[in-house]
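The values are calculated or read from the model by the stated rules, or taken from the named source; none is laboratory data. This one's a predicted model, so the numbers in the text were calculated from it and none came from an experiment. In this analysis, Cβ positions are derived from the backbone assuming ideal geometry, glycine residues included, and neighbour counts consider all displayed protein chains.
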Amino acid sequence: MTLLQRAGVSVTQWTEKRNLTQEELVAHCQQYDALLLASDNKIDRPFLEQCRHLKVVSLLSVGYDKVDVAAANELGVPITNTPGVVSAATADTAFLLMLSVSRKAFYQHKRIIKGDWGFTEPTANLGMEVQGKTLGIWGLGNIGYVMAQRCISAFNMKVIYCNRGRNEAAEKELGAIRVSFEELLAQSDVLSVHTALTVETTGKFDHAAFGKMKPSAIFINTARGGIHKEKDLIAALEAGTIWGAGLDVTNPEPMAPGNPLLEMPTVAVLPHIGSATIETRNAMSVIAAKNIVAAMNDMALPNQVTSL
């Protein structure tokens, strides 16, 4: 807010504790030159057609799957995001989920709340260790790289990955080995998803994919919920096809409180808090504000996802 105001940008903030409807968002945007979007509202063709006057839509996020980029390009509405500053916080969330699932931490905590902490059975509710296991990463970019660093440093894990292209830095510095998607499924003890949600990645982790994983495998998704099919994940866990799952993103989102995943001992679910640290959200906010300042001054946009 301070950065924008010092740049001479007049700011109006939505302060109600609810998201705007699409209709409300369009109506409000008619009065302004730029939008800083921190909600889950879609920047779809109907919005863009009615808000072609906007100099920029500045997303408070790295992902932009809620944007119709093709329509934005066609209609001349620049879209920006906040890359590069969420890697550590999001990787930490993936690491947290891996450990929580491996030790059944969420389930064990619920046992205390229910008063189920009395007689000790030495072989009851055991977790598993990840020391020396194989970490598979689907989408080894910045976040996946930090996740791999964490896992190697803490647990001497072997790293394999599946990308469209090679990550030479990860191969050289982390010893990561590039494999096919089929090999990733078959070899991973922990499979962590760090790719964008696209037409190609939507629903990629389905019944067939889970069926090719180890029965001792842990599935982690901190990217987008649409990458896995939740009914298929539930079925795989119930059947013992895979061992556990850690989710910071769900499909659909938000998750219904009665979802069976929330009661499974080897599942940990968080409400999409991957970048939710003071430091990271501050950094994201500064980038989002700088994107708007650049647009207002007809300067090149530093983090544009459109090709205008």
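Please verify whether Thr202 is assigned by TED's automatic domain parsing to the domain that holds Asn142, assigned to a loop (DSSP other than H, G, I, E, B), of a type in the set (Ser, Thr, Tyr) and in contact with a strand residue (DSSP E or B) (Cβ under 8 Å, 6 or more places away or on another chain), treating the condition exactly as stated. Give the steps one after another, and end with the answer.
On the way: assigned by TED's automatic domain parsing to the domain that holds Asn142: yes; assigned to a loop (DSSP other than H, G, I, E, B): yes; of a type in the set (Ser, Thr, Tyr): yes; in contact with a strand residue (DSSP E or B) (Cβ under 8 Å, 6 or more places away or on another chain): no.
It is false that Thr202 is assigned by TED's automatic domain parsing to the domain that holds Asn142, assigned to a loop (DSSP other than H, G, I, E, B), of a type in the set (Ser, Thr, Tyr) and in contact with a strand residue (DSSP E or B) (Cβ under 8 Å, 6 or more places away or on another chain).
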Practice prompt. State which residue pairs qualify: first residue of a type in the set (S, T, N, Q) and inside the range 52-73, second residue surrounded by fewer than 16 Cβ atoms within 10 Å (Cβ to Cβ) in any location, beta carbons under 6 Å apart, and separation of 6 or more residues or different chains.
Written response: Asn73/Ser307
Discussion item. Any residue at all in the range 118-133 that's modelled with pLDDT of 95 or more, out of contact with any helix residue (DSSP H, G or I) (no Cβ under 6 Å at 6 or more places or on another chain), assigned to a helix (DSSP H, G or I) and surrounded by 12 or more Cβ atoms within 10 Å (Cβ to Cβ)?
Written reply: no
Worksheet item: Looking only at the range 53-97, which residues are hydrophobic (A, V, I, L, M, F, W, C), within 22 Å of the chain's Cα centre (by Cα) and over 19 Å from Ile137 (Cα atoms)?
Response: Val57, Leu59, Leu60, Val67, Val69, Ile79, Val85
Fill in: Checking Ala154 against (1) within 24 Å of Asp92 (Cβ to Cβ); (2) in contact with a helix residue (DSSP H, G or I) (Cβ under 7 Å, 6 or more places away or on another chain), the condition it does not meet
(2)
Practice prompt. Output the qualifying pairs, or none if there are none: Cβ atoms under 6 angstrom, residues six or more apart or on different chains, first residue in the range 86-110 and under 20 Å from Ser275 (Cα atoms), second residue polar (S, T, N, Q) and surrounded by fewer than 20 Cβ atoms within 10 Å (Cβ to Cβ).
Written response: Val86/Thr280; Ser87/Asn142; Ala89/Thr277; Ala89/Thr280
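Pull up the range 12-32, narrow it to residues that are over 29 Å from the mean Cα position of the chain (by Cα) and assigned to a loop (DSSP other than H, G, I, E, B), then point me to the one that is surrounded by the fewest Cβ atoms within 10 Å (Cβ to Cβ). Give the derivation first.
Keep residues of the range 12-32 that are over 29 Å from the mean Cα position of the chain (by Cα), which gives 27, 30-32.
Pick out the ones that are also assigned to a loop (DSSP other than H, G, I, E, B) and you get 30-32.
On the way: Gln30: 10, Gln31: 7, Tyr32: 15.
Per the stated criteria, the residue is Gln31.
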Practice prompt. Keeping to the range 51-69, report how many residues are closer than 26 Å to Asn297 by Cβ and crowded, with 17+ Cβ neighbours inside 10 Å.
Written response: 12
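A quick yes/no check of all residues on (1) of a type in the set (S, T, N, Q); (2) on the phi < 0 side of the Ramachandran plot; (3) surrounded by fewer than 20 Cβ atoms within 10 Å (Cβ to Cβ):
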{"residue": "Gly175", "(1), (2), (3)": "no, no, yes"}
{"residue": "Ser180", "(1), (2), (3)": "yes, yes, yes"}
{"residue": "Gln187", "(1), (2), (3)": "yes, yes, yes"}
{"residue": "Val193", "(1), (2), (3)": "no, yes, no"}
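Restricting to the range 92-117, give me the number of residues that are over 19 Å from Gly246 (Cβ atoms) and either polar (S, T, N, Q) or part of a helix (DSSP H, G or I) (or both). Quick ask: steps written out before the conclusion?
Residues of the range 92-117 over 19 Å from Gly246 (Cβ atoms): 112-117.
After this cut, where a residue has to be either polar (S, T, N, Q) or part of a helix (DSSP H, G or I) (or both) as well, the list is 112-113.
Selection size over the range 92-117: 2.
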